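The block underneath contains the structure these notes are about, expressed in structure tokens.
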Amino acid sequence: MAADPSSRSRKPDPARGAKVARSPWREQAESYFVHHRKVARDSAGRMWRTPVASLMTWAVMGVALSLPIALLLLLTSLQGVSAGWESSARVTAYMKLSTSLEQTRELASEIEADGRVTELELIDRDQALVEFRASSGLDDALDYLDENPLPHTLLITPEENARSAEGVAGLVTFIEGMESVERVQIDLGWLQRLNAMTDLLARAVWALAILLAAAVVLVIGNTVRLSIESRRDEILVAKLVGGTDAFVRRPFLYTGAWFGLGGGVVAWILLQLSLWWLSGPVVRLAELYRSDFSLNGLSIDGAFALIIVAMLLGWLGAWVAVKRHLDDIEPGEIAGG
């Protein structure tokens, strides 16, 4: 049979060949990501097939992660309140009874000109007596007084950079050195003790967080170790046919990451439930003390950070377990068997 002349003259279409041909690096990248998706899906499927064990691991991780975070949130709320108290702390200067109102105003102008002072309020003695009479209910007793026993008073608010213990002490020394000042009063000792206690508790919470994070890594490592032992024969076969350590390690790393994801979600749920349960009593207690104290929960960014940290801890625990136990499984065991 004679060949078709048109077939001899037909040439390959370069454009069509360009569409069919694919670069090796692209095929390799697609194969890499396809394998990762498959391994991640298979790892999640294995966890769902053992729901009781998975839920127990998630619960342990959730409790371990939520405890230090709850304490850190509590400390953050306390530090916010104490910062508000410190910002409103004022130095009270009482003038001598012999000091006139004009002299007190001159002294107030001199103090206000100091760079460490951001605000100054003068309360003259007559105004103070009127306010005391209205608030105390001792009108009859005050009528027996021959003269006003209250001095002129200066309420001095330090500048923000001068609200430390050293800055306030220097300002108090400056005011006490003035001739017309009888006494200077400031009560920041309790606030300094509160700040010292919160700093100590913050360090203790961070130490607790590190210990619990190590516990999470160990829990995940032990769980992954059991998974490695249960899939020992599968690992041996994979290594026998040429599977690399990264190929064999990948499913277990995804298992650790899935455990971390579940633990992070459980921790967030526990935090939200605890906040909801405690918010009512905390608000009522704050109202009794006329305070605006409230417990602050995790923001959306904080929740995502919690889940990411939990996944990293799960991945780290799986990596430690795989690094420790995978090297002990070699294909020579089959030949030896």
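The values are calculated or read from the model by the stated rules, or taken from the named source; none is laboratory data. Small disclaimer: the values here were computed from a predicted structure and weren't measured. As a convention, Cβ positions derive from the backbone with ideal geometry for all residues, glycine included, and neighbour counts pool all protein chains shown. Areas reflect the complete protein model, heavy atoms only, side chains present, ligands, DNA and RNA absent. Shrake-Rupley method; radii C 1.70, N 1.55, O 1.52, S 1.80 Å.
ALA141 fails exactly one of the following numbered conditions: (1) of a type in the set (A, V, I, L, M, F, W, C); (2) in a helix (DSSP H, G or I); (3) at pLDDT 70 or above; (4) over 15 Å from VAL91 (Cβ atoms). What is the number of that condition?
Failed condition: (3).
Those residues that are over 19 Å from VAL265 (Cβ atoms), assigned to a helix (DSSP H, G or I) and not aliphatic (A, V, I, L, M), I need them from region 41-82; list them, please.
Across region 41-82, the qualifying residues are ASP42, THR76, SER77, GLN79, GLY80, SER82.
Please specify each residue of region 37-70 satisfying the condition of being surrounded by fewer than 15 Cβ atoms within 10 Å (Cβ to Cβ) and among the basic types (Lys, Arg).
ARG37, LYS38, ARG41, ARG49
Name the pairs whose Cβ atoms lie under 8 Å apart, with the first residue in region 145-164 and within 16 Å of SER98 (Cβ to Cβ), the second at pLDDT 80 or above and part of a loop (DSSP other than H, G, I, E, B), and 6 or more positions between them or separate chains?
Hits for this filter: PRO149/LEU97; PRO151/LYS96; PRO151/LEU97; PRO151/THR99; HIS152/THR99; HIS152/ASP124.
Scan region 163-191 residue by residue and report those that are under 30 Å from the mean Cα position of the chain (by Cα) and at pLDDT below 70.
ARG163, SER164, ALA165, LEU188, GLY189, TRP190, LEU191
Which residue out of ARG22, ARG105, ARG90 is modelled with pLDDT under 80, in contact with a strand residue (DSSP E or B) (Cβ under 9 Å, 6 or more places away or on another chain) and open to solvent by 100 Å² or more (accessible area, probe 1.4 Å)? It would help to see each step written out before you state the result.
On the way: ARG22 fails: in contact with a strand residue (DSSP E or B) (Cβ under 9 Å, 6 or more places away or on another chain); ARG105 fails: modelled with pLDDT under 80.
Step by step, each of ARG22, ARG105, ARG90 is checked, and only ARG90 is modelled with pLDDT under 80, in contact with a strand residue (DSSP E or B) (Cβ under 9 Å, 6 or more places away or on another chain) and open to solvent by 100 Å² or more (accessible area, probe 1.4 Å).
Consider region 92-119. How many of its residues are of a type in the set (A, V, I, L, M) and within 17 Å of ALA169 (Cα to Cα)?
The qualifying residues number 3.
When the residues of region 267-294 are filtered to those that are outside any helix (DSSP H, G or I) and of a type in the set (Ser, Thr, Tyr), which remaining residue is most open to solvent (accessible area, probe 1.4 Å)? If you could, list the steps in order and put the result at the bottom.
Start the filter on region 267-294 by keeping residues that are outside any helix (DSSP H, G or I), which leaves 289-294.
This time we only want the ones that are of a type in the set (Ser, Thr, Tyr), so: 289, 291, 294.
Details: TYR289: 175, SER291: 35, SER294: 52 Å².
Applying the filter and picking the extreme gives TYR289.
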